[in-house]
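The values are calculated or read from the model by the stated rules, or taken from the named source; none is laboratory data. Given the structure is predicted, the values throughout are model-derived calculations rather than measurements. Methodologically, a virtual Cβ is constructed for each residue, glycine included, from the backbone with ideal geometry; neighbour enumeration extends over all protein chains shown. The protein model used for the area step is the full one, side chains on, heavy atoms only, and it has no ligands, DNA or RNA in it. Shrake-Rupley method; radii C 1.70, N 1.55, O 1.52, S 1.80 Å.
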Amino acid sequence: MLGPDGWYSDYRRPPANLAPEPSAPPSTAKPSDIDGSWLALVLHWRIVVAELMERGVDLYDPAVRARPWPGVRTLIFSLLDTSPRLRAALRKGNDAEADDR
């Protein structure tokens, strides 16, 4: 049966050290101007392959293909932070700017 406070009478609140943390406030960080989605990466796959090749990683090498996927995925996404060519290609709004020319 519900008590006057809206809780079941036999319900006990968890101890403070086991209670869930309050939810984080919404982020106030500026959204990125880079499209880091898989679709954007696949559409610019030749740049991804070239950038990794310059770093000594041949994605088509059987030894690389035999590696676990999380490591290869990390290498690909690390390009978003380090590759000026890929960042320029993935910048949001590039198509709209190109249409205006």
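Selection of first residues in region 8-19 that are surrounded by fewer than 10 Cβ atoms within 10 Å (Cβ to Cβ) and of second residues that are in a loop (DSSP other than H, G, I, E, B), restricted to Cβ pairs under 7 Å at least 6 apart or on distinct chains, gives the following pairs, ordered by first then second residue: SER9/MET1; SER9/GLY3.
So, in region 30-54, exactly how many residues are aliphatic (A, V, I, L, M) and open to solvent by less than 80 Å² (accessible area, probe 1.4 Å)?
Residues in region 30-54 being aliphatic (A, V, I, L, M) and open to solvent by less than 80 Å² (accessible area, probe 1.4 Å): 8 in total.
The numbered conditions (1) hydroxyl-bearing (Ser, Thr, Tyr); (2) at pLDDT 85 or above; (3) within 17 Å of the chain's Cα centre (by Cα) are all true for SER32 except (2). For region 29-54, a tally of residues being touching a helix residue (DSSP H, G or I) at 6+ places or on another chain (Cβ under 7 Å) and part of a helix (DSSP H, G or I) returns 6. The combined condition, being part of a helix (DSSP H, G or I), open to solvent by less than 100 Å² (accessible area, probe 1.4 Å) and of a type outside the set (D, E, K, R), is not fulfilled by VAL57.
Restricted to region 70-101, and to residues there that are open to solvent by 50 Å² or more (accessible area, probe 1.4 Å) and part of a loop (DSSP other than H, G, I, E, B), the residue that is modelled with the lowest pLDDT is ARG101.
Residues of region 60-69 being assigned to a helix (DSSP H, G or I), open to solvent by less than 100 Å² (accessible area, probe 1.4 Å) and among the hydrophobic types (A, V, I, L, M, F, W, C), which ones?
Restricting attention to region 60-69, the residues satisfying the condition of being assigned to a helix (DSSP H, G or I) are 62-65, 69.
From the residues that got through so far, the ones that are open to solvent by less than 100 Å² (accessible area, probe 1.4 Å) too are 62-64.
Passing the criteria: ALA63, VAL64.
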